[in-house]
Structures are given as C-alpha cells and as structure tokens.
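Notes for the one structure printed next.
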C-alpha cells in the first residue's frame, strides 16, 4: 500500500460507519482509489439470494467516488447528487474502484464501480460533489 492509500485509509477509518463496513484501502493515486469491504452478516438485504443490501453498495460507491477526489484536495467532500445502477446481486466481499471524472473548483464529478470477489461488476454509480 502506498503512502496516499495509507493516508486515505486512516481518514476513512476515522468514521465508525466505515470501520463497521470493514473498509481497507488497497491502492490510490491521482484521481483514483481502490478499496475492499469485507462482508458482514448485517449487510444481508435479500436472504433468498444472500446478497447485500443496496444501501451498503450505494455507500461504497459514494465513499470510493468521494475519495477519488480526496486525492486532489486532501479532504472528504459532501455529496450533492448520487446515481447508482445495480447490475447483479452483491454477494460476499466487495471491491470498490473510484475514479475522478472532472475535478472543479466548486463542483466535481466522480464515479465508482463495485465488484464481487470473482471480479464481476455488480454495481456502478456516479456522483456530483461540492469541492469548494
């Protein structure tokens, strides 16, 4: 893990919710971040399919997109708008890859993809963030 990834992980784990989500930052660089979230039984949203609740997935998208912007400004930023597309059941441990699309002085756009342990894309999303 590089120094930026360590810094981002320290920042993320300052929030009890992110600790509860079992977040680990794997890599980070200018405009991107990769993190994992280790499955917890409390994530279960559909007992028939053993899939995680959509709120967990949306939270990961928001977090990864937000922290892709952190790589430019060194702080978390408030979400203005978030869109999530659920593509498949999110089962087990998840990986989130966030990417800054446009960094602006006031408003920025970033996206994130969520993958299951097999590397299958299970959700994607894009957010608008207040960066001033």
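Bear in mind these aren't lab numbers, they're just calculated from the coordinates by the rules spelled out. All figures in this text were calculated on a predicted structure; none of them were measured in a lab. Virtual Cβ from ideal backbone geometry, glycine too; neighbours counted across all protein chains shown.
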(request) Identify which of 106, 11, 75 has the largest mean-square fluctuation in a Gaussian network model of the chain, with springs joining Cα atoms closer than 10 Å. (result) 106
(message) Springs between alpha-carbon pairs under 10 angstrom, Gaussian network model over the chain: which of 85, 41, 27 fluctuates most?
(response) 41
(message) Once you place label points 7 Å from the Cα toward the Cβ at residue 132 and residue 72, how far apart are they in nm?
(response) 1.5
(request) Taking 7 Å along the Cα-to-C-beta vector as the label spot, tell me the residue 2-residue 121 distance in nanometres, rounded to one decimal. (result) 2.4
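Would you calculate, for the chain, the mean residue ellipticity at 222 nm contributed by helices, counting each DSSP H stretch of 4 or more residues as -39,500 (n - 2.57) and dividing by all residues, to the nearest 500? Provide the component values of the computation, followed by the final result.
Details: 3 runs with 35 residues, N = 132.
Helix-only estimate at 222 nm: -8000 deg cm²/dmol.
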(request) Could you tell me what fraction of 2.2 N^0.38 Å the Cα radius of gyration of the chain comes to, as a two-decimal ratio? (result) 0.98
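Evaluate E = 1/(1 + (r/R0)^6) for residue 27 and residue 49, where r is the Cβ-Cβ distance and R0 equals 35 Å; express this FRET efficiency to the nearest 0.05. Spell out each step's value before the answer.
Numbers: r = 30 Å, r/R0 = 0.85.
In this case the efficiency is close to 0.70.
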(request) Could you please rank 50, 18, placing first whichever residue has the fewest other Cβ atoms within 10 Å of its Cβ? (result) 50, 18
(message) For the pair residue 11/residue 85, report the inter-label distance in nm, with labels modelled 7 Å from Cα in the Cβ direction.
(response) 2.8
